[in-house]
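J.: Dropping the structure in here first, questions after.
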Amino acid sequence: MRSIVRASKRGFTLIELMIVVAIVGILAVLAIYGVRKYLANAKTAEARNSIGQMAKDQATAFEKESMPGAVLPVGSSALNSRSLCIAPSTPVPGAMTAVQGKKYQSDSAKNQDWQADIGTPNMGFACLKFSMDAPQYYQYTFTSAGTGVPGAVWQGRAQGDLNGDGVNFSLFTIDGKVNADVAFNIAPNIVVSTGLILSW
């Protein structure tokens, strides 16, 4: 009878406690890694979604009529009126330091950021009619070469520094090109580069 009572009062050994602590530690490390990866993916989703939308907005802007309003003489014809938005666009935000390890709230209500090129026809984000109301982790801009002729190219860019170290920048790009049929084609994927520091 005494041996049964002693066995029921026996506690955990030091080895058993160490195994439990080790398991809890491993689970905690895995949880922290998973949360960090999830947060990084959520932040990079902003760049992917935004430059994808910029490319769609460029395709829409390319299809609109952009010929001058002059009257055509009888018996003449107009040139192709489709055109890419002219770059360079004014980057938003204007300086990379505004998004290094932090978020930037753009000023779209007062036409300060996204509408900086509004005075120049077919230029910048004003031409794309693209803007962001939510705070952003990335600096956005686009470049173009040529206008509406076959071979003209366009590229949307998002550059960020999520950890704010000023060393490892991430660059997301998407390309578009005017083909031989004078149609604007968008690349099927977004290219991601890291460790780059660019200035627009």
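The values are calculated or read from the model by the stated rules, or taken from the named source; none is laboratory data. Not measured: the values here are computed from a predicted model. Neighbour counts are summed over all protein chains in view; Cβ atoms, including those assigned to glycine, are modelled from backbone coordinates with ideal geometry.
J.: How do the pairs read when you match residues in the range 146-164 that are under 14 Å from Ala187 (Cβ atoms) with residues anywhere that are surrounded by fewer than 21 Cβ atoms within 10 Å (Cβ to Cβ) and aliphatic (A, V, I, L, M), using Cβ under 7 Å and keeping only pairs 6 or more apart or on different chains?
T.: Matching pairs, first to second residue: Val153/Ala145; Arg157/Leu171.
J.: Any residue at all in the range 170-181 that's in contact with a Pro (Cβ under 7 Å, 6 or more places away or on another chain), farther than 23 Å from Lys37 by Cα and of a type in the set (Gly, Ala, Ser)?
T.: Looking for residues that are in contact with a Pro (Cβ under 7 Å, 6 or more places away or on another chain), farther than 23 Å from Lys37 by Cα and of a type in the set (Gly, Ala, Ser), one finds at least one in the range 170-181, hence yes.
J.: So which residues in the range 12-48 are at pLDDT 85 or above and not in a helix (DSSP H, G or I)?
T.: Thr13 - this is the single residue of the range 12-48 that is at pLDDT 85 or above and not in a helix (DSSP H, G or I).
Residue by residue, here is whether (1) at pLDDT 80 or above; (2) closer than 23 Å to Asp175 by Cα; (3) of a type in the set (Lys, Arg) holds:
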site: Thr97; (1), (2), (3): yes, no, no
site: Lys103; (1), (2), (3): yes, no, yes
site: Met132; (1), (2), (3): yes, yes, no
site: Gln136; (1), (2), (3): yes, yes, no
site: Phe142; (1), (2), (3): yes, yes, no
site: Gly148; (1), (2), (3): no, yes, no
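J.: In addition: If you check Ser131 against the conditions, is it among the small types (Gly, Ala, Ser) and in contact (Cβ under 8 Å) with a residue 60 or more places away in the chain?
T.: Here the answer is no, as Ser131 does not meet what is asked.
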